[in-house]
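What follows is a set of notes on a single structure, which appears directly below.
The values are calculated or read from the model by the stated rules, or taken from the named source; none is laboratory data. Note that the structure is a prediction, hence the values are computed from the model and not measured. Reconstructed Cβ throughout: ideal geometry from the backbone, glycine too, with neighbour counts over all protein chains shown.
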Amino acid sequence: MPVVSTKAILDRAFQERYGVAAFNVVNDLTMDAVLAAAEELRAPVIVQTSVKHLDITGVDVMYAMWVAMTKHVSVPVALHLDHCPDRALISECLATGWNSVLFDASKLSVEENTRQCVEVVEEARRYGAHVEGEIEGFKRTEEMTGDEAENVQSLETVVDFVRTTGVDVFAPAIGNAHGVYAGTPKLDAQRVTDIVEATGIPVALHGGTGMSAAQFSDLISRGCAKVNISTALKIAFMTSAEQYMQAHPAENDPSKLLPAQGAAVMDMAKHHIQLFGSAGRAWS
Ligand SMILES: [Zn+2]
């Protein structure tokens, strides 16, 4: 402890049917807030980085922050690279110390995705790291048509992909999307059960922001051990800044604004950790 493998975190959650929140952090302040929330609630947590924010911050700087901030964390935590189609960036993150990666080749054919994912899993294993697989891709919420089942692969294709590649967690399309849903999304929860029963591995739930508490608990009970939260963190980060500046329009010292943003992100993280049932699940 504190940094453990992503698989160690997910396998426990999968077995005991709680969800581990995987938050996409955007900078030092949000990384610190997520870790502080997990520490306060004695919860395992996954910190995720997007390709976009690694481009802004840099792999080395992001990892240096991770090492410094997890030095005194006493709950199980892991660092994950979210949706990454770039094999060079995957290699760089694995070599640097990321605990897991999501190889996102959903724009390629399933066959080519599978072929490359086998290589990514092999590469990850050399570092004791783990891999999340995806073959369907996720829309943005604003692109949803109500017919999100159109790109879904057959269960047989999913099982074949999981068995051939050896991925540790699978991210299926179940009517979920990235962004802010217009209403509560219609989700194919049965598909999670079918995939879990057929593959025996945990499922990663994408597009978590905006799902109802009942949807979360149902999906988690079916085997969604990893629950991604990105948009809610961004909203907390941005709206807390907006609210602070509206309340203090003459303020020009960031040291006053930043703690307000950190507190908002921490509250958001605590809310989701509690909702997913992972509070108090830290082990030693
Ligand atoms: Zn996603």
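Numbers below:
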| quantity | calculated |
| --- | --- |
| One residue from Ala129, Ala198, Ala105 being touching a Pro at 6+ places or on another chain (Cβ under 8 Å), among the aliphatic types (A, V, I, L, M) and in contact (Cβ under 8 Å) with a residue 24 or more places away in the chain | Ala105 |
| Qualifying residue in segment 135-149 (condition: out of contact with any Gly (no Cβ under 9 Å at 6 or more places or on another chain) and of a type in the set (A, V, I, L, M)) | yes |
| Which numbered condition Glu122 fails, given (1) more than 16 Å from the ligand (Cβ to nearest atom); (2) of a type in the set (D, E, K, R); (3) at pLDDT below 95 | (3) |
| Pairs, first closer than 19 Å to Asp28 by Cα and without any contact (Cβ under 8 Å) to a residue 24 or more places away in the chain in segment 219-242, second crowded, with 19+ Cβ neighbours inside 10 Å and of a type in the set (S, T, N, Q), C-beta under 9 Å, six or more apart | Met238/Gln261; Ala241/Gln261 |
| Residue match in segment 32-54 (condition: surrounded by fewer than 16 Cβ atoms within 10 Å (Cβ to Cβ) and not charged (D, E, K, R)) | no |
| Residue ranges of helices (runs of 4 or more DSSP H) in segment 165-278 with at least 2 members farther than 30 Å from Ala129 by Cα | 213-222, 231-247, 254-275 |
| Some residue of segment 210-222 being more than 14 Å from the ligand (Cβ to nearest atom), over 17 Å from the mean Cα position of the chain (by Cα), closer than 18 Å to Glu136 by Cβ and not hydroxyl-bearing (Ser, Thr, Tyr) | yes |
| Filtered residues of segment 248-265 (kept if surrounded by fewer than 10 Cβ atoms within 10 Å (Cβ to Cβ) and small (Gly, Ala, Ser)) | Ala250, Ser255 |
| Residue list for segment 63-78, filter: surrounded by fewer than 23 Cβ atoms within 10 Å (Cβ to Cβ) and assigned to a helix (DSSP H, G or I) | Tyr63, Ala64, Met65, Val67, Ala68, Met69, Thr70 |
| Residue in segment 51-69 that is under 20 Å from His272 (Cβ atoms) and touching a His at 6+ places or on another chain (Cβ under 9 Å) present | no |
| Within segment 79-109, tally of residues that are part of a helix (DSSP H, G or I), away from the ligand (no atom under 16 Å from the Cβ) and crowded, with 24+ Cβ neighbours inside 10 Å | 1 |
| Boolean, Ala236 is more than 17 Å from the chain's Cα centre (by Cα) and small (Gly, Ala, Ser) | no |
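For (1) within 16 Å of the ligand (Cβ to nearest atom); (2) of a type outside the set (D, E, K, R); (3) within 26 Å of Arg125 (Cβ to Cβ), each residue gets a yes or a no:
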position: Ser154; (1), (2), (3): no, yes, no
position: Thr165; (1), (2), (3): no, yes, yes
position: Asp168; (1), (2), (3): no, no, yes
position: Thr184; (1), (2), (3): no, yes, no
position: Glu197; (1), (2), (3): no, no, yes
position: Val203; (1), (2), (3): yes, yes, yes
position: Ser255; (1), (2), (3): no, yes, no
position: Ala260; (1), (2), (3): no, yes, no
